[in-house]
Amino acid sequence: MKKLVKWLREIEHNANDLYLNAANVYADDPQLKAFLEHIAEDEAWHYHVMGSAAEFFNSTPPPVPVISVDKETSDKIINFFSDIRERLEKKTISKEEFIEKMVEAELSEWNDIFLYVVNILKEKINEFKYPVIKIQGHIKKIVQYLEETGNHSIVLKKIRALPPVWTENILIVDDEEMITTLIKSLLNREGNIDVAKNGEEALNYLEDKFYKLVISDIDLPKMDGISFYKKSVAKFPSLKRRFLFMSGSLSAERKAFFNENHLKYLSKPMEIKVLREAASEIILSM
């Protein structure tokens with residue numbers, strides 16, 4: 001297991017270096033440059049995750065892995081990075097081909113082995129459940145970029161076919177069933193969705209699950225949305241940036257509360273595109 005972790009750290013370092021290099025080469029394309037810088041940050045973080053894994057296995061007898069990385073597989077992936085780096089330096093690889101090669105790497109044995117190690121660790125200590133969530137966000141960033149640029153239908157299909165390493169949980173809080181049913185159908189691709197009819201019921205849901213996104217109305221029976229928010233973040237501070245409010249009546253007082261607390265909010269009726277974008281932004285945030 002220690003050899004696997006050491007090998008993964010080397011690969012993550014190579015990936016981070018390659019993506020940062022590509023961001024500089026394609027600096028004339030601001031969208032691609034920003035995307036590559038975000039992906040490079042993810043790879044740097046993956047490198048540190050494997051550093052934590054190495055520390056854990058140094059203090060705890062590591063399990064015997066069911067696989068090992070043979071020289072042929074290792075050389076194939078390492079040479080892949082070397083080849084692309086050389087082509088970037090010579091400027092003989094187009095943006096489109098680079099993206100396709102990047103996705104090819106993300107779909108390689110490298111990704112499978114990384115997930116294998118992380119999944120072993122998440123079963124042993126809760127600390128490693130968060131990396132699994134973040135890895136899913138890494139994949140979603142790639143999918144989002146491919147969808148926005150629209151020129152990579154084949155690689156997009158391949159990466160969409162990957163089994164999820166983590167399914168996000170979303171909580172919708174509203175007492176009107178027609179509204180919750182509609183929002184649930186619009187966001188059903190984003191994760192598992194639960195529905196609560198009031199703030200008290202929603203608090204019970206928060207006790208049982210980790211929710212990456214909470215969409216809440218303000219005018220609710222038993223406990224209004226703002227009171228629900230205050231009680232939620234008092235108990236679970238990490239929820240503070242994961243709320244998305246909606247209301248048909250946004251008073252100056254309510255807007256002031258949202259702005260003071262840097263909270264996202266939408267006015268009813270909400271545009272479908274705006275709702276999806278606001279939800280996706282919170283889900284993709286780390």
query = Do you know the relative contact order of the chain, to the nearest whole percent, from alpha carbon pairs under 8 angstrom that are 6+ apart?
reply = 12
key: In region 188-286, the chymotrypsin sites (Phe, Trp or Tyr not before Pro) that fall in loop regions by DSSP, at most 15 other Cβ within 10 Å   = Phe210
Among Ile154, Ile135, Ile77: highest mean-square fluctuation, GNM of the chain, C-alpha pairs under 10 Å = Ile154
request  = Please list Thr73, Thr167 in order of solvent-accessible area, largest first, computed with a 1.4 Å probe with all protein chains present.
outcome  = Thr167, Thr73
message = How long are the semi-axes of the equivalent ellipsoid of the chain, defined as square roots of 5 times the Cα gyration tensor eigenvalues? Whole Å, largest first.
response = 39, 24, 15
ask   = When ligands, DNA and RNA are left out and all protein chains stay put, how many square angstrom of accessible area per residue does the chain have with a 1.4 Å probe?
value = 52
ask   = Could you give the length gained on full extension between Ile67 and Ile159, defined as 0.36 nm per residue of separation minus the Cα-Cα distance, in nm?
value = 30.8 nm
note = Carbon/sulfur accessible area of the chain, % of total, 1.4 Å probe, equals 51
inquiry  = Using only DSSP helix segments of four residues or longer, with each worth -39500 (n - 2.57), what per-residue ellipticity at 222 nm results for the chain after dividing by its residue count and rounding to 500?
reply    = -21000 deg cm²/dmol
remark   = For region 216-282 the GluC sites (Glu not before Pro) that pass both the DSSP coil test and the at-most-12 other-Cβ-within-10 Å test are Glu271
task = Count the lysine pairs in region 215-286 whose Cα atoms lie under 13 Å apart, taking only pairs 8 or more positions apart in sequence or on different chains.
result = 4
task = Hand me the trypsin sites (Lys or Arg not before Pro) from region 190-244 located in a DSSP loop with no more than 14 other Cβ atoms within 10 Å, in residue order please.
result = Lys209, Lys222
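The values are calculated or read from the model by the stated rules, or taken from the named source; none is laboratory data. Predicted model only: the values in this text are computed from it and were never measured. Reconstructed Cβ throughout: ideal geometry from the backbone, glycine too, with neighbour counts over all protein chains shown. Calculation scope for accessible area: heavy atoms of the full protein, side chains included, ligands and nucleic acids excluded. Shrake-Rupley method; radii C 1.70, N 1.55, O 1.52, S 1.80 Å.
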